[in-house]
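Written below as structure tokens is the structure these notes are about.
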Amino acid sequence: MKIILVGSSGIIGQAVDKELRQRHEVITASRTSGDIRIDITDNHSIRDGFSSVGSFDALVSATGSVHFGDFNEMTEDEYQIGIKNKLMGQINLVLIGREFINPNGSFTLTTGILNRDPIRLSSSAAMVNGAIDGFVKATALEMPNNVRINSVSPTVITEAMDKYAPYFRGYKPVPAAEAALAYSKSVEGLQTGQVYEVD
């Protein structure tokens, strides 16, 4: 398969690249590095990236930013960070990607544990993750040409614990390589409308 991997420079993205590259052609993409440049907050950037590749068999998104902050101090602009980036950025990958993906292809998006097991300061992340998971389940019902769509919802990643450990006390982290298996299941399997939880 020809797979576009958006967010390939991140911890999860690198692990997904390593897992899928063993069997498929992986085209890496991020804002600043990779085979192509894609900024998910810019539809022109998404379209230009896809146009440079042409048709593809799968798209994996392992990217997305949100603002973490005290709910009592959060502003609309801070919520809009996650809405514009992680939520609509990934949705726009699908909306524009519909024009380029081959029949029987697949989209795989990334959410996370915080909409089902939130922590302090995570109201924006929880909101965005829940919205993406809902989008995936509903969109799967209407995808044309047997195109599948799933999301992967990992807990905190072991390799990121040096940064996030104070916020995830009591959580059991998982290695990025283990999370990458869920992306492989989404891309190489047959299921659609699934949220693959990696705890």
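In nanometres, what is the gap between the two model label sites at GLN191 and GLU142, each 7 Å from Cα along Cα-to-Cβ?
The two pseudo-label positions are separated by 2.4 nm.
Hey, what does the equivalent ellipsoid look like for segment 13-66, semi-axes from the Cα gyration tensor as sqrt of 5 times each eigenvalue, largest first, whole Å?
Details: eigenvalues 69, 42, 16 Å².
They are 19, 14, 9 Å, listed largest first.
What are the residues whose amide H is under 5 Å from the amide H of TYR196, where those residues sit 5 or more places off or on another chain and H is modelled from the backbone?
The list, which skips near neighbours in sequence, is SER151, VAL152, SER153.
As I understand it, the value is the acute angle between the Cα axis of helix 176-188 and the longest principal axis of the Cα atoms of the chain; what does it come to in degrees, rounded to 10?
Rounded to the nearest ten degrees, it is 40.
For a quick check of your reading of the filter: which trypsin sites (Lys or Arg not before Pro) in segment 1-84 sit in a DSSP loop and have no more than 15 other Cβ atoms within 10 Å? If you can, show how the numbers build up before the last one.
Numbers: sites: LYS2, LYS18, ARG21, ARG23, ARG31, ARG37, ARG47, LYS84; in loops: ARG23, ARG31.
Passing both the DSSP loop test and the Cβ count: ARG23.
Taking segment 2-198, how many lysine pairs are there with alpha carbons less than 20 Å apart, if each pair must be eight or more places apart or span two chains?
Numbers: LYS2/LYS18; LYS2/LYS185; LYS18/LYS185; LYS86/LYS137; LYS86/LYS163; LYS137/LYS185; LYS163/LYS172.
Counting lysine pairs in segment 2-198 gives 7.
In degrees between 0 and 90, to the nearest 10, how far off the longest principal axis of the chain does helix 11-21 point, with axes built from Cα atoms?
Roughly 30 degrees, rounded to the nearest 10.
For the Cα atoms of the chain, what angle does the longest principal axis make with the long axis of helix 123-139, in degrees from 0 to 90, nearest 10?
Once rounded, one gets 30 degrees.
From the mean inverse distance of alpha carbon pairs (Kirkwood) and the Cα radius of gyration, derive Rg over Rh for segment 1-151. Write out the running numbers ahead of the final one.
Working: Rg = 15.3 Å, Rh = 15.7 Å.
Rounded to two decimals, Rg over Rh is 0.98.
No lab work stands behind these numbers, since they all come straight from the coordinates. Being a predicted model, the structure only gives us computed values, none of them experimental. Note: ideal-geometry Cβ built from the backbone for every residue, glycine included; neighbour counts use all protein chains shown.
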